[in-house]
Amino acid sequence: MPQKLSAMKYIKNNVRRVAVLTVSLALCFVLVYLTQFMLSTTEESFKRILLGNTGKMQVISLAGKTTLGIDTDHMSDEEFVAVYAEKNRALAEELKKTAGVKDAWYGEIIYCLITAAVGQMTYEVPLAEEEKIPQILKYFDAELVEGRLPEHPGEIVLDRLSMKNNGYVLGGYFNERDYENRYKIVGVLECDTYFGCGIPVAGWSVRSAIVVLSEGIGDMSAVLHGIGVDVKENYDTVVDRKWGETFLQKEVIDVIRNSTSLIYAGIVVLLLISLTVVYTTYLRDRHNEWCLYCSIGYSRGDIYCAVMRELLFTFGIALASGGIISILAAVLVKNTMLVPQGLQCKIFRPKTVLEIFCTYTFLLGILQIPVRYALYRIRTVDAIEDDLY
């Protein structure tokens, strides 16, 4: 009875050949993982704005004529601005009486840009009186770590991540392209999200809106409906948690998923073709070896089991080494590229690992075709000379 065929003996005697397959599979793991990792930094970063900020602060901008019912037919621009402001202040006072609302006011807001690996997103920086600044910071669990709090018009504080992402410096001007040199950064914050606030510039108007600080309110449109204001989709803007969740899913996650799916499919197709061609060549080279095994008493089943053990070893080493290299590379990318840019990321991505494992299983299944065909072509040693394989 022949001894069991040893897969490890073949692997030890053909290290270079096995290494080519192992390295190819491992590099595929690294390429797929790092691609998903880099694209996911956009989702992880924008989550802080779309879910974190909107969960604590909502911004409401309503149409004067359509929603607030202001008759503009015989009004000058100055009169409309005055009436519009009065209506919004009254609505803000009404919102203060709503359960879950900590504070609400009608005031100016400016926008801070965050640039991720793919895409850009802005978030609202509320402007209020000096007395409100400590209250706003406390509500956002923001701590001043450098500089001072705003004391004069045009002064703002900004979180550390936003400072890094935009290349701002303490004492420098905020978004000079849009706001010229009207807003100066006087303090740096440490908090869990991208955030900033400040004092408006007197006599220089930017966008005005109702700013609401709330707890547990996800749908501000429903709150407004409860106090007699019906939000109209094509006219009004309500930035709240509900809007943030929808925007995150449709404009960030779904878009990134489509991109990663195309990239992933391309990588898999290229790997499948190259792996099949290379492995088929290897099988052709082993034809005489398998014929010899068959001649001395090994069955096709014995040879198949040995081949499968070789493949499982190769795929297993590739999976383990690819995973280790990917994690180390992700940590390196995070510390050298993402952290200096103020971007967020998630190092370990179990879903991506599972997808790669399923891909490996698929590739292993596809390789059964050339293996089965090669086994079918096995002949005994006395027929090797006549073999036309």
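The values are calculated or read from the model by the stated rules, or taken from the named source; none is laboratory data. Remember, predicted model here, so these are calculated numbers, not experimental data. Cβ: placed from backbone, ideal geometry, glycine included. Neighbour counts: every protein chain shown. Note: areas computed on protein heavy atoms with side chains; ligands, DNA, RNA excluded. Shrake-Rupley method; radii C 1.70, N 1.55, O 1.52, S 1.80 Å.
Per-atom-type breakdown for the chain gives carbon and sulfur 57% of the accessible area (1.4 Å probe, protein chains only). Global size of the stretch 225-361: 25.5, 90 Å for Rg and Dmax (C-alpha atoms, Rg to one decimal, Dmax whole).
Below 12 angstrom from the Cβ of Ser221, what's the summed charge of the other residues (Lys, Arg +1; Asp, Glu -1)? Please list the in-between numbers first.
Values: positive: Lys232, Arg241, Lys242; negative: Asp219, Asp230, Glu233, Asp236, Asp240.
Net of charged neighbours comes to -2.
Kindly work out what percent of the DSSP beta bridges joining two residues of the stretch 104-206 are antiparallel, to the nearest 5.
70 percent
Which order do Tyr282, Tyr123 take by accessible area at a 1.4 Å probe, largest first?
Values: Tyr282 35, Tyr123 0 Å².
The most accessible residue leads, giving Tyr282, Tyr123.
Overall size of the stretch 250-318 from C-alpha positions, given as principal axis extents largest first: 64, 20, 17 Å. Largest GNM mean-square fluctuation across Asp71, Asp103, Asp240, computed for the chain with C-alpha springs under 10 Å, falls on Asp71. Of all DSSP-defined beta bridges confined to the chain, some 85% are antiparallel rather than parallel. Applied to the stretch 102-115, the Karplus parametrisation 6.51 cos²θ - 1.76 cosθ + 1.60 on θ = phi - 60° returns per-residue 3J(HN,Hα) values of 8, 6, 7, 8, 9, x, 8, 9, 10, 10, 10, 8, 10, 9 Hz, with x for Gly and Pro.
How many nm is it between the label spots at Arg257 and Lys138, if each spot is 7 Å from the Cα in line with the beta carbon? Each label point is offset 7 Å from its Cα along the Cβ direction, giving 4.2 nm. The simple Förster model, with R0 at 41 Å and r as the Cβ-Cβ distance, assigns Val206 and Leu328 a FRET efficiency of 0.35.
Using the empirical formula 2.2 N^0.38 Å as the baseline, the Cα radius of gyration of the stretch 146-241 reaches a ratio of 1.31. For Arg379, the solvent-accessible surface with a 1.4 Å probe is about 100 Å², rounded to the nearest 10. In terms of overall dimensions, the stretch 43-183 has a Cα radius of gyration and Dmax of 17.2, 51 angstrom. In percent, rounded to a whole number, the relative contact order of the chain is 28, using alpha-carbon pairs under 8 Å and six or more apart.
Taking all protein chains as they are arranged and a probe of 1.4 Å, the heavy atoms of Phe362 leave approximately 100 Å² accessible to solvent. Residues in the chain average 51 Å² of solvent-accessible surface per residue, probe 1.4 Å, ligands and nucleic acids excluded. Measuring spread by the Cα atoms of the stretch 50-89 yields a radius of gyration and Dmax of 13.7, 43 Å. Each residue was assigned an accessible area with a 1.4 Å probe, and for Ile11 the value is about 10 Å².
Filter the cross-link list Lys47/Lys132; Lys97/Lys250; Lys97/Lys164; Lys56/Lys184; Lys96/Lys346 down to pairs whose alpha-carbon distance in this structure exceeds 32 Å. Display every interim value, and only then the final one.
Working: Lys47/Lys132 26 Å; Lys97/Lys250 34 Å; Lys97/Lys164 38 Å; Lys56/Lys184 25 Å; Lys96/Lys346 38 Å.
Over 32 Å apart, Cα to Cα: Lys97/Lys250; Lys97/Lys164; Lys96/Lys346.
For the stretch 83-159, the alpha-carbon coordinates run over 40, 31, 26 Å along the three principal axes, in decreasing order. Using the Karplus relation 6.51 cos²θ - 1.76 cosθ + 1.60 with θ = phi - 60°, the per-residue 3J(HN,Hα) values for the stretch 88-100 come to 5, 5, 5, 5, 5, 5, 5, 5, 4, 7, 7, 4, x Hz, with x marking Gly and Pro.
Given all pairs of different Cα atoms, what value in angstroms does the Kirkwood hydrodynamic radius of the stretch 213-256 take? Don't skip to the answer; put the middle values down first.
Numbers: mean 1/r = 0.0861 Å⁻¹.
Kirkwood hydrodynamic radius for the stretch 213-256: 11.6 Å.
Please state, as a whole number in µm²/s, the translational diffusion coefficient that the Stokes-Einstein equation yields for the chain at 20 °C and 1.002 mPa s, with Rh defined as the Kirkwood radius across alpha carbon pairs. Provide the component values of the computation, followed by the final result.
Values: Rh = 25.7 Å.
Rounded to a whole number, D works out at 83 µm²/s.
For the residues Val101, Val81, a 1.4 Å probe over the protein chains yields an accessible-area ranking, largest first, of Val81, Val101. Model label sites at Ser24 and Thr246, defined 7 Å from Cα along the beta-carbon direction, differ in position by 4.9 nm. Legend: residues Met337, Met38, Met308, sorted from most to least accessible area (1.4 Å probe; ligands, DNA and RNA excluded), read Met337, Met38, Met308. Across the stretch 290-307, coupling constants 3J(HN,Hα) worked out from phi with the 6.51/-1.76/1.60 Karplus curve, θ = phi - 60°, read 6, 4, 5, 4, 5, 5, 9, x, 7, 8, 4, x, 5, 5, 4, 4, 5, 4 Hz, and Gly and Pro carry x.
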